[in-house]
1. So, restricting to helices (runs of 4 or more DSSP H) that lie completely within segment A:143-257, which ones have at least 3 residues that are surrounded by fewer than 20 Cβ atoms within 10 Å (Cβ to Cβ) and of a type in the set (A, V, I, L, M, F, W, C)?
2. Please go through segment B:177-236 and pick out each residue that is out of contact with any strand residue (DSSP E or B) (no Cβ under 9 Å at 6 or more places or on another chain), in a helix (DSSP H, G or I) and acidic (Asp, Glu).
3. Within segment A:44-57, is there a residue that is assigned by TED's automatic domain parsing to the domain that holds A:Met174, part of a loop (DSSP other than H, G, I, E, B) and under 24 Å from A:Gly201 (Cβ atoms)?
4. Of all residues in segment B:23-80 being aromatic (Phe, Trp, Tyr) and outside any loop (DSSP other than H, G, I, E, B), which is farthest from the other protein chains (Cβ to nearest Cβ)?
5. Any idea which of A:Met116, A:Met174 is away from chain B (no Cβ under 14 Å), closer than 15 Å to A:Arg102 by Cβ and hydrophobic (A, V, I, L, M, F, W, C)?
6. Would you check which residues across segment B:55-108 are hydrophobic (A, V, I, L, M, F, W, C), farther than 17 Å from B:Ser12 by Cβ and surrounded by fewer than 19 Cβ atoms within 10 Å (Cβ to Cβ) and list them?
7. Can you tell me which residue is nearest to the other protein chains (Cβ to nearest Cβ) among those in segment B:92-110 that are of a type outside the set (A, V, I, L, M, F, W, C) and assigned to a loop (DSSP other than H, G, I, E, B)?
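The values are calculated or read from the model by the stated rules, or taken from the named source; none is laboratory data. Note that the structure is a prediction, hence the values are computed from the model and not measured. For neighbour counting, all protein chains shown are included, and Cβ atoms are generated from backbone atoms with ideal geometry for every residue, glycine included.
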Amino acid sequence: MTNVLLSAKNLSHHYGSQVGCIDINFDIYPGEVLGVVGESGSGKTTLLKNISGLLQPSSGSVKFDTRVDGLKDIYLLSEPERRLLMRTDWGIVFQNARDGLRMNVSAGANVGERLMAIGARNYGDIRNEATDWLQNVEIGLERIDHYPETFSGGMLQRLQIARNLVTKPRLVFMDEPTSGLDVSVQARLLDLIRGLVSQLGIACIIVSHDLGVMRLLSNRLIVMHQGRVVEQGLTDQVLDDPQHPYTQLLVSSILPV
Amino acid sequence: MEKIKDDMLRISNLAKTFLLHNQGAKKLPVFQNISFQVKAGECLVLTGASGTGKSTLLRAIYANYLVQSGTINIRHENKWVDLASASPHEVLDIRKKTLGYVSQFLRVIPRISTIDLVCEPLIVQGKLIKQAKAQAKKLLNKLSIPESLWDLPPATFSGGEQQRVNIARTLIQDYPILLLDEPTASLDENNRDAVIELINEARNQGTAIVGIFHDKYVRERIGTEVFNVELQKKAA
């Protein structure tokens, strides 16, 4: 068995007296897609922020397999070390693409910027790489110099994915990557994420309340309810033979098409 | 010793009960005390009336359903692994290399063409796209899926065509153990015979098979052993 890539131990987060998430434990391995489901307010996004270095948890630890020193607590790293990690080994795809993009520079620059952040300096190389990635996410090359402001919602989300994957991260966090997109655009994006993740062998933690998305993308599933993990296991097993009352309710609430 | 060597799958004392929390914690016992072994080159046919739990048993063996007790020992890369207690990572590895499952219905993925869908298991294994495609084409031809459909996603195909795509997607790989849930249910005679031939080819090469076939014609041509789930339940 290969090494653990990210490990969350006894993770809890409180907002004053409000509960974010309680006592979360899981490991994720390289190349694996882990899904986190649960209703609004169940603590999914808090958990994602906790493990992606955006929000320090009230208690517990988040360890990541760093390239040089192996498994290290991300909140005990120095600020520059953590920033480097976020720019190289990690990608974060936000629910709202505008949070993950720079709206006042061109599409090509949005992709190139992350390359420059890890040391790329040759303008020609950067532009070529950005061109490749825009093609990968099916954005027409005539749009490379346009501002994201002029893009549709689905294109913004694809641009954000290109910006994140260009540095070939080892782990990508995605918060509801397909919500708010119409279903045909959503299918295209899912197909894209699925292909890229399997081709590049990237590990991925995806938060969503869409069980169909989870069945398609994730290998393993974590079900959250009122801040706690109530069930976890293989995605198809959790969806086809749910054990916890809340998961049973969730699965039986899907409208058949 | 020779006999032990041949076993591929050993099921012992398997029990499954569904507990429906949202319907007043209703308990639905499906089966208990299910035990059998399957050797390489054997095809065990599960029999019993509809609703006796044959499909549930097959899904339990695939670790798609959790069991309350018992063991499901699988010979995986020459080691015995109990699927009932294996970690999700082990289960995924076993499904990737050792244990194939043909469900009753194809799960269509939006925008993915038939040929890519059939190739996928080989690509995941690291096979070259060109080789995988050649193999997929051969199989689709054998199953008489017209070439004009290969580049289309199977969402709009007929029931029989979808079922054949589903079979191709699993049989493209040489799994040592195969679980088949009515693979010929909605096929016409010619296609049914093509599927029988493919399954028998796999069995002759040493694949251990557990299957549900309602059609007596199919059962007689594929099956080598019979296990009656209903009788076993009465005995238990």
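1. Details: elements: A:153-165, A:183-200, A:211-217, A:235-240, A:245-252.
Per the criteria, A:183-200.
2. B:Glu189, B:Asp193, B:Glu197, B:Glu201, B:Glu220
3. First, the residues of segment A:44-57 that are assigned by TED's automatic domain parsing to the domain that holds A:Met174: A:44-57.
Next, only the ones that are part of a loop (DSSP other than H, G, I, E, B) stay: A:52-57.
Now drop any that are not under 24 Å from A:Gly201 (Cβ atoms), which leaves A:52-53.
Taking every residue of segment A:44-57 in turn, at least one turns out to be assigned by TED's automatic domain parsing to the domain that holds A:Met174, part of a loop (DSSP other than H, G, I, E, B) and under 24 Å from A:Gly201 (Cβ atoms).
4. The initial filter retains those residues of segment B:23-80 that are aromatic (Phe, Trp, Tyr), namely B:31, B:36, B:62, B:65, B:80.
Those left that are additionally outside any loop (DSSP other than H, G, I, E, B): B:31, B:36, B:80.
Numbers: B:Phe31: 14, B:Phe36: 22, B:Trp80: 18 Å.
Residue satisfying both the conditions and the ranking: B:Phe36.
5. Values: A:Met174 fails: closer than 15 Å to A:Arg102 by Cβ.
Residue meeting the stated conditions: A:Met116.
6. Correct list: B:Leu92, B:Phe105, B:Val108.
7. Going through segment B:92-110, the residues of a type outside the set (A, V, I, L, M, F, W, C) turn out to be B:93, B:95-98, B:100-101, B:103-104, B:107, B:110.
Of the ones still in play, those that are also assigned to a loop (DSSP other than H, G, I, E, B) are B:98, B:103-104, B:107, B:110.
Details: B:Thr98: 16, B:Ser103: 10, B:Gln104: 13, B:Arg107: 8, B:Pro110: 4 Å.
Result: B:Pro110.
This table checks each residue for (1) under 21 Å from the mean Cα position of the chain (by Cα); (2) under 21 Å from A:Ile22 (Cβ atoms); (3) within 11 Å of another protein chain (Cβ to nearest Cβ).
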{"position": "A:Asn219", "(1), (2), (3)": "yes, no, yes"}
{"position": "A:His225", "(1), (2), (3)": "yes, yes, no"}
{"position": "A:Val229", "(1), (2), (3)": "yes, yes, no"}
{"position": "A:Asp240", "(1), (2), (3)": "no, no, yes"}
{"position": "A:Thr247", "(1), (2), (3)": "no, yes, yes"}
{"position": "A:Leu250", "(1), (2), (3)": "no, yes, yes"}
{"position": "A:Ile254", "(1), (2), (3)": "no, no, no"}
